[in-house]
Amino acid sequence: MLIQVEQLVKDYQLNKNQKGFFHAIKNLLMPEYQKKRAVNGISFSISEGEMVGFIGPNGAGKSTTVKILSGVLKPTSGKVIVNGMDPFRNRKKYVSQIGVVFGQRTQLWWDLPAEDTFDLLKTIYKIPDATFKKNMDMFSEMLDLHEFLHQPVRQLSLGQRMRADIAAAMIHEPAILFFDEPTIGLDIVAKERIREFIRSMNQEKGITMLFTTHDMQDIEKTCERMIVIDRGDIVCDSKVDEIRQFSDSERKLTVKFGRQYDRIELPGAQMIKEAGNTKTFQFRTNEVKIPELIAELMSRYEVLDLTVQETDIESIIKQIYEGGAPAYESVS
Amino acid sequence: MRAYLKIAQKSFRNNLVFRAEYFAALLNTIVTILVNLAIWRAIYEEEGGLDNLQFSLIVTYVILALALFQIFTMDEYVIEKKIKSGLITSDLLKPLSFRLHLFSFHFGALLYRIVLLLIPTLLLYSLVYRVLPPFSIEMFLCFLLSVILGYFVMYSLNFIVWLSAFWFYKTFSLVTIKDTAVLVLSGAVIPLWFMPQQLVHFIKLTPFDTIFFIPISIYLGQIPMDQLLFSLLRQVIWITVLGLIGHVLWKLATRRLIVQGG
Ligand SMILES: Nc1ncnc2c1ncn2[C@@H]1O[C@H](COP(=O)(O)OP(=O)(O)O)[C@@H](O)[C@H]1O
Ligand SMILES: [Mg+2]
């Protein structure tokens, strides 16, 4: 296993800021801390060449996990081993073997053209001329960097900046890449480009990747495996395909009835929503066949209109967050 | 080592980007010196009996002090900005020493100021006023050494103030207090010769006069041979003391960052 995380816990200390002058003085002299648990004993492992998506709502603990994995934050307890090293203890040696991209900030020199940062990185990581040129050519082609490499970074669009940042994190050919929300704030086209690039780097170069996102599309389009994290706990760790299969068999049936029914019974389907005479049911195609279900419905009740909808992965994830999706457990 | 030189080089270039700010800084330096010289001239004329040599001494002092003051000016908010933006984490992700990285950044800016501010200003004023040459070649070499030491005193003091950003949300007030103390106590505006004895005794207990006053006094040959070594030693001692305080604070700051996440 390339990345191994066991029972990882991270507590932040929050300064209990009470208002008022005396409290401020007291805080300065005797700070009172409140513990805030960001990561609550998570375990997972990632093998070489894998690409794993870390998905969860805001505040779930994704960034905290990435920071710990990249060695800039010390875990409260638990074990983290990456490439045989403790990221935190061996920081200086460790950091040259990984690449990290934080979507919300840039490591590029803001007032200089992006090429200056690349030039600096070349010296910092002692990259040989030939390797540097080869990589720059590759990135330029795949990410169209040449279009804006000479412009000051502050003039770049978010999408361009992000592409340059990703290339900057990869210029020293790290074996492992961590991305923290690399697509945040980008439009569809820009997102798609980055997904495509990440995917091809994983497939062609075999770089192990872990990236966080709160956009399910990111995961569906790039990863084979996803880990769902919520409030510091891993609530699901499985193959994207399995979840897709699960979602593929789930359907929603929305029916508008001709008159008021107090009670509706439809074998194999559960009612999940009700708005006047319009009711929504959920069922699984491997449990009931659609024609049979509809025939049953028509024979028992007066129906004005009906639609059948597929469930997308996104709503499954939502159900997982909300602690629902009991049927899901059979899959994981 | 090459990486740090490269950082200094990029920092130099980074400063070149801001043309308008450059001209503003140059103008500021020139005008500040002009105003100060005018004030000193007025004082001398008031006192009467203008001694030419004494006045040249003052002129040279004022020009050197204010020019050095300009080039010892540093971007005081680099650390604060890095903490607020979270970029400090990205710096820790580099296989570099953060403190050397930071110093290289300021060093690049210093070179920029020397080349583009100090040299033009000195050239201009040596044409307009009678600026005294260094007291002697030996004193000039001592002066150069002392200026470098003075820069390190200033830098170590600044570093301590900057690090407070790890604990305070804003460092603006602390920076302002430090700036005022330096301006008044270092002899950047008023040579220590003109200050009350008691204040001078106090100043000699602080690092402030080792920043500008000692180097310029050496240049002017105002420090007797037997006190020269002691003056240089005071600079070294302050660099050590402030450096140690900075080191301890830095250790505390990184621990906080690493445990607290900035
Ligand atoms: N430096 C910090 N100090 C205190 N609490 C923090 C800090 N960073 C994050 N947190 C808290 O920890 C939790 C997890 O944060 P984070 O890992 O940033 O989540 P995510 O990246 O999934 O949005 C949140 O509740 C957040 O408020
Ligand atoms: Mg985050």
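Please report the spacing between the Cα centers of region B:85-104 and region A:39-92 in Å, no decimals.
21 Å
Do you know the relative contact order of region B:183-233, to the nearest whole percent, from alpha carbon pairs under 8 angstrom that are 6+ apart? All intermediate terms of the calculation are to be shown ahead of the outcome.
On the way: 25 pairs, mean separation 19.0, N = 51.
Computed value for region B:183-233: 37 percent relative contact order.
For the protein assembly as shown, what does the accessible surface come to per residue with a 1.4 Å probe? Please give it in Å². Working shown, then result.
Details: 29340 Å² over 594 residues.
Dividing the accessible area of the protein assembly as shown by its residue count gives 49 Å².
Got a sec? Which residues of region B:1-18 lose 20 Å² or more of accessible surface with every protein chain in place, vs. that chain alone, 1.4 Å probe?
Buried on complex formation: B:Arg2, B:Ala3, B:Lys6, B:Ile7, B:Lys10, B:Arg13, B:Asn14, B:Val17, B:Phe18.
At 7 Å along Cα-to-Cβ for each site, give me the label-to-label distance between A:Gln34 and A:Gln155 in nm.
Placing both labels 7 Å beyond Cα along the Cβ direction yields 4.8 nm.
In debye to the nearest 20, how big a dipole does region B:1-143 give about its Cα centre with +1 on each Lys and Arg Cβ and -1 on each Asp and Glu Cβ? Don't skip to the end; give the middle numbers.
Working: 13 positive and 10 negative charges, 218 e Å.
Using Cβ point charges on Lys, Arg, Asp and Glu, region B:1-143 gives about 1040 debye.
Rounded, prolate or oblate: which one fits region A:48-188, using the alpha carbon gyration tensor with axes a ≥ b ≥ c (rounded when a/c is under 1.5, else prolate when a/b beats b/c, else oblate)? Could you put the intermediate results ahead of the total?
Numbers: a/c = 2.01, a/b = 1.37, b/c = 1.47.
It is oblate, given that a/c is not under 1.5 and a/b is not larger than b/c.
Exceeding 32 Å between C-alpha atoms, which entries from my cross-link table qualify? They are A:Lys221/B:Lys81; A:Lys62/B:Lys82; A:Lys35/A:Lys191. Can you show the working numbers first?
Numbers: A:Lys221/B:Lys81 36 Å; A:Lys62/B:Lys82 21 Å; A:Lys35/A:Lys191 36 Å.
Pairs exceeding 32 Å: A:Lys221/B:Lys81; A:Lys35/A:Lys191.
Return the average number of partner chain Cβ atoms within 10 angstrom of each residue Cβ along peptide B:91-98. All intermediate terms of the calculation are to be shown ahead of the outcome.
Details: counts 2, 8, 15, 8, 11, 3, 1, 0.
Averaged over the peptide's residues, the number is 6.
For the interface of chains A and B, what total accessible area is buried with a 1.4 Å probe, rounded to the nearest 100 Å²?
On the way: alone 17680 and 14390 Å², together 29340 Å².
Heavy-atom accessible area buried at this interface is about 2700 Å².
Based on the alpha carbons, how large is the Rg to Rh ratio for region A:250-310 when Rh follows Kirkwood?
Details: Rg = 10.5 Å, Rh = 11.5 Å.
My calculation of the ratio gives 0.91.
Mean residue ellipticity at 222 nm from the helices of chain A, using -39,500 (n - 2.57) per DSSP H segment of n ≥ 4 over the full residue count, to the nearest 500 deg cm²/dmol?
Values: 11 runs with 116 residues, N = 332.
-10500 deg cm²/dmol, from helical runs alone.
Per 5 Å bin from zero, what fraction in whole % of the C-alpha pairs of region A:156-290 is there, up to the bin with the longest pair?
Once binned at 5 Å, the Cα pair distances of region A:156-290 give 2, 8, 14, 14, 13, 12, 9, 9, 7, 6, 4, 2, 1, 0.
Roughly speaking, to the nearest percent, how much of the protein assembly as shown's 1.4 Å accessible area is carbon and sulfur?
On the way: 17080 of 29340 Å².
Carbon and sulfur atoms account for 58 percent of the accessible area of the protein assembly as shown.
Determine the gain in length on full extension of the stretch B:Leu145-B:Met1; use 0.36 nm per residue of separation and subtract their C-alpha separation, reporting nm with one decimal. Mind dumping the intermediate values first?
Values: separation 144, 0.36 × 144 = 51.84 nm, distance 2.24 nm.
Separation in residues times 0.36 nm, less the Cα-Cα distance, equals 49.6 nm.
Considering Cα pairs under 8 angstrom that are at least six residues apart, work out the relative contact order of region A:3-244 and quote it in whole percent.
Worked out over region A:3-244, it gives 28 percent.
Taking the mean number of other Cβ atoms within 10 Å as a proxy for protection, how do you rank A:125-131, B:73-79 from highest to lowest? Please report the intermediate quantities before stating the final value.
Numbers: A:125-131: 12.3, B:73-79: 17.4.
Sorting A:125-131, B:73-79 by mean packing, highest first, produces B:73-79, A:125-131.
So if the hydrodynamic radius of chain B is defined as the Kirkwood radius over C-alpha pairs, what does Stokes-Einstein give as its diffusion coefficient at 20 °C and 1.002 mPa s, in µm² per second? Walk me through the intermediate numbers first.
Values: Rh = 19.8 Å.
Estimated via Stokes-Einstein, D reaches 108 µm²/s.
For peptide B:254-261, what's the mean number of Cβ atoms from other chains within 10 Å of each residue's Cβ? Show your work: numbers first, answer last.
Values: counts 0, 1, 1, 3, 7, 8, 6, 11.
Counting other chains' Cβ atoms within 10 Å and averaging over B:254-261 gives 5.
How much length, in nm to one decimal, is gained on full extension between B:Glu21 and B:Asn52, taken as 0.36 nm per residue of separation minus their Cα-Cα distance? Walk me through the intermediate numbers first.
Working: separation 31, 0.36 × 31 = 11.16 nm, distance 3.68 nm.
That pair, B:Glu21 and B:Asn52, stretches by 7.5 nm at full extension.
Can you tell which of A:Thr208, A:Val228, A:Leu145 lies farthest toward the positive end of the dipole of region A:118-234, using +1 and -1 charges on the Cβ of basic and acidic side chains (Lys, Arg; Asp, Glu)?
A:Leu145
With labels modelled as points extended 7 Å from the Cα through the Cβ direction, what inter-label distance (nm, one decimal) is found for A:Lys92 paired with A:Glu302?
Each label point lies 7 Å from its Cα, and together they span 8.3 nm.
Placing unit charges on C-beta atoms (Lys and Arg positive, Asp and Glu negative, everything else neutral), compute the dipole magnitude of the protein assembly as shown about its Cα centre in debye, rounded to 20. If you can, show how the numbers build up before the last one.
Details: 64 positive and 60 negative charges, 285 e Å.
Magnitude of the dipole: close to 1380 debye.
In chain B, if the dipole is taken from +1 on Lys/Arg beta carbons and -1 on Asp/Glu beta carbons about the Cα centre, which of B:Ile214, B:Leu163, B:Leu87 is farthest to the positive end?
Value computed over the given set: B:Leu87.
Which whole-number percent gives the relative contact order of region B:7-163, counting Cα pairs below 8 Å spaced six or more residues apart?
40 percent
Using unit Cβ charges (K, R positive; D, E negative) and no other charged atoms, how large, in debye to the nearest 20, is the dipole of chain B about its Cα centre? Could the numbers behind the result be given before it?
Working: 20 positive and 13 negative charges, 300 e Å.
Rounded to the nearest 20 debye, it is 1440 debye.
Dividing the convex hull volume of the Cα atoms of chain A by its residue count, what figure in Å³ per residue is obtained?
Numbers: hull volume 68.1 nm³, N = 332.
Taking the convex hull of the Cα positions in chain A, it is 205 Å³ per residue.
Just going by the charge dipole of the protein assembly as shown, with Lys and Arg at +1 and Asp and Glu at -1 on Cβ, which of A:Pro87, B:Asn15, A:His172 is farthest out on the positive end?
Checking the options against the dipole of the protein assembly as shown, the answer is A:Pro87.
Subtract the Cα-Cα distance of B:Ser85 and B:Leu199 from 0.36 nm times their separation in residues, and report this length gain in nm to one decimal. Kindly include the intermediate steps, with their values, before the conclusion.
On the way: separation 114, 0.36 × 114 = 41.04 nm, distance 4.18 nm.
Between B:Ser85 and B:Leu199, full extension yields 36.9 nm more.
Along its principal axes, what span do the Cα atoms of region B:153-258 show, with the longest given first and each in whole Å?
50, 26, 22
Cα centroids of region B:14-61 and region B:192-262: how far apart, whole angstrom?
25 Å
Over all directions, how big on average is the projection of the convex hull of the alpha-carbon atoms in the protein assembly as shown, in square nanometres?
On the way: hull surface 150.0 nm².
Seen from a random direction, the Cα hull of the protein assembly as shown projects 37.5 nm² on average.
Show me the ranking of peptides A:199-206, B:88-95 by mean Cβ neighbours inside 10 Å, starting with the highest.
On the way: A:199-206: 13.6, B:88-95: 19.9.
So the peptides A:199-206, B:88-95, ranked by packing, come out B:88-95, A:199-206.
The values are calculated or read from the model by the stated rules, or taken from the named source; none is laboratory data. Please read all numbers here as calculations on a predicted model, not as lab measurements. Because the Cβ atoms are built from the backbone with ideal geometry, glycine has one as well, and the counts that use them run over all protein chains shown. For the accessible areas, the whole protein counts, side chains as well, though only heavy atoms, and no ligand, DNA or RNA atoms are used. Shrake-Rupley method; radii C 1.70, N 1.55, O 1.52, S 1.80 Å.
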